[in-house]
Amino acid sequence: MRHNRTFALDDPAEIRRLIRDNPWATMISHTESGLVASHYPVLLDDEADEADGVVLVSHVGRPDEVLHELGRHELMVIIQGPHGYISPGWYDAAPAVPTWNFVTAHLHGTPKLLSDEENLRVLDRLVDHFEERMPEPRRLFGTEANAAYASRIVAGTVGFRLTVSRFTAKSKLSQNKPAETVARILGELDGDGPYASPGLAAEMRRVHGADR
């Protein structure tokens, strides 16, 4: 990812927020057979504190742990936040080209595989994380039948914990544009046009100020 200080995102707290808000991740390994990519949800490790930096927990379904050679080398996890097309027509009368606003992070680290018991706890947390918004949450261990089913299927997954050793993140949200241009972009993103994106508008307001 091209480095640009204007858009660099260096704060680990902001990386953790990005993960919390966008848990669907792309995982990439450079294996002996070449590049391998998979897609899974990730969570922040609730047993880690801020001093530990950014720590993820997740799982893969078998045989992805073999395909990724999981635990043998570095894994890159890509977190993609809100993003969208920005038309040059949203700027002003001066010549301009279209661009794409986005927030993303590339996280690197060597994963440590979890025991079946640890993996089951992570899967339980994962289900709770998403089910808690439902009117009638279906917990992994909500009933005896669910618990028995969960205990059987855990063997088909491999959990891991990844302490991020380094990351590169970018928040490209028109920070290099004047206030009046930012206001026009926000108006378009909040509107009903073909490239409207309230989520991207909300992310822009985080960096430009809530009063815009």
Return the residues of the stretch 44-81 that are closer than 12 Å to PHE160 by Cα and touching a Leu at 6+ places or on another chain (Cβ under 6 Å); say none if nothing qualifies. LEU56, VAL57, GLY71
Which numbered condition GLY142 fails, given (1) in contact with a Phe, Trp or Tyr (Cβ under 9 Å, 6 or more places away or on another chain); (2) farther than 28 Å from LEU200 by Cα: (1)
Among the residues of the stretch 46-62, which ones are open to solvent by 10 Å² or more (accessible area, probe 1.4 Å) and in contact with a helix residue (DSSP H, G or I) (Cβ under 8 Å, 6 or more places away or on another chain)? ASP46, GLU50, GLY53, HIS59, GLY61, ARG62
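Does TRP90 satisfy the condition of being touching a His at 6+ places or on another chain (Cβ under 8 Å) and of a type outside the set (S, T, N, Q)? Break it down stepwise before answering.
On the way: touching a His at 6+ places or on another chain (Cβ under 8 Å): no; of a type outside the set (S, T, N, Q): yes.
It is false that TRP90 is touching a His at 6+ places or on another chain (Cβ under 8 Å) and of a type outside the set (S, T, N, Q).
In contact with a helix residue (DSSP H, G or I) (Cβ under 9 Å, 6 or more places away or on another chain) and surrounded by 11 or more Cβ atoms within 10 Å (Cβ to Cβ): is that true of PRO88 in this structure? It would help to see each step written out before you state the result.
Working: in contact with a helix residue (DSSP H, G or I) (Cβ under 9 Å, 6 or more places away or on another chain): no; surrounded by 11 or more Cβ atoms within 10 Å (Cβ to Cβ): yes.
No; evaluated as a whole, the condition is false for this residue.
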Within the stretch 94-201, strands (runs of 3 or more DSSP E) holding 3 or more residues that are β-branched (Val, Ile, Thr) and surrounded by 13 or more Cβ atoms within 10 Å (Cβ to Cβ): 99-109, 157-163
Output yes when any residue across the stretch 10-24 is without any contact (Cβ under 8 Å) to a residue 12 or more places away in the chain and out of contact with any Gly (no Cβ under 9 Å at 6 or more places or on another chain), and no when none is. yes
Pair list, Cβ < 7 Å and 6+ apart or interchain, from the stretch 127-147 residues that are more than 20 Å from LEU43 (Cβ to Cβ) to residues that are in a helix (DSSP H, G or I): none
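Anything in the stretch 76-93 that is in a strand (DSSP E or B) and not small (Gly, Ala, Ser)? List them, or say none. Before you say what the answer is, go through the steps one by one.
Initially, the stretch 76-93 is screened for residues in a strand (DSSP E or B), giving 76-86.
Residues satisfying the conditions are MET76, VAL77, ILE78, ILE79, GLN80, PRO82, HIS83, TYR85, ILE86.
Consider ARG205 carefully, then state whether it is charged (D, E, K, R), surrounded by fewer than 19 Cβ atoms within 10 Å (Cβ to Cβ) and at pLDDT 95 or above.
Values: charged (D, E, K, R): yes; surrounded by fewer than 19 Cβ atoms within 10 Å (Cβ to Cβ): yes; at pLDDT 95 or above: yes.
Spelling it out, ARG205 is indeed charged (D, E, K, R), surrounded by fewer than 19 Cβ atoms within 10 Å (Cβ to Cβ) and at pLDDT 95 or above.
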Would you tally the residues in the stretch 17-42 being open to solvent by 40 Å² or more (accessible area, probe 1.4 Å), of a type in the set (A, V, I, L, M, F, W, C) and under 10 Å from the mean Cα position of the chain (by Cα)? 1
Cβ-Cβ under 8 Å, sequence separation 6+ or interchain: first residue in the stretch 38-58 and within 16 Å of GLY71 (Cα to Cα) and free of Cβ contacts under 8 Å to residues at least 40 places away in the same chain, partner open to solvent by less than 30 Å² (accessible area, probe 1.4 Å) and among the hydrophobic types (A, V, I, L, M, F, W, C). Which pairs? SER38/MET27; SER38/VAL60
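The values are calculated or read from the model by the stated rules, or taken from the named source; none is laboratory data. Every value quoted in this text rests on a predicted model; they were computed, and no experiment measured them. Ideal geometry is used to build each Cβ from the backbone, glycine not excepted, and the neighbour counts take in all protein chains shown. Ligands, DNA and RNA are excluded from the accessible area calculation, which covers all protein heavy atoms including side chains. Shrake-Rupley method; radii C 1.70, N 1.55, O 1.52, S 1.80 Å.
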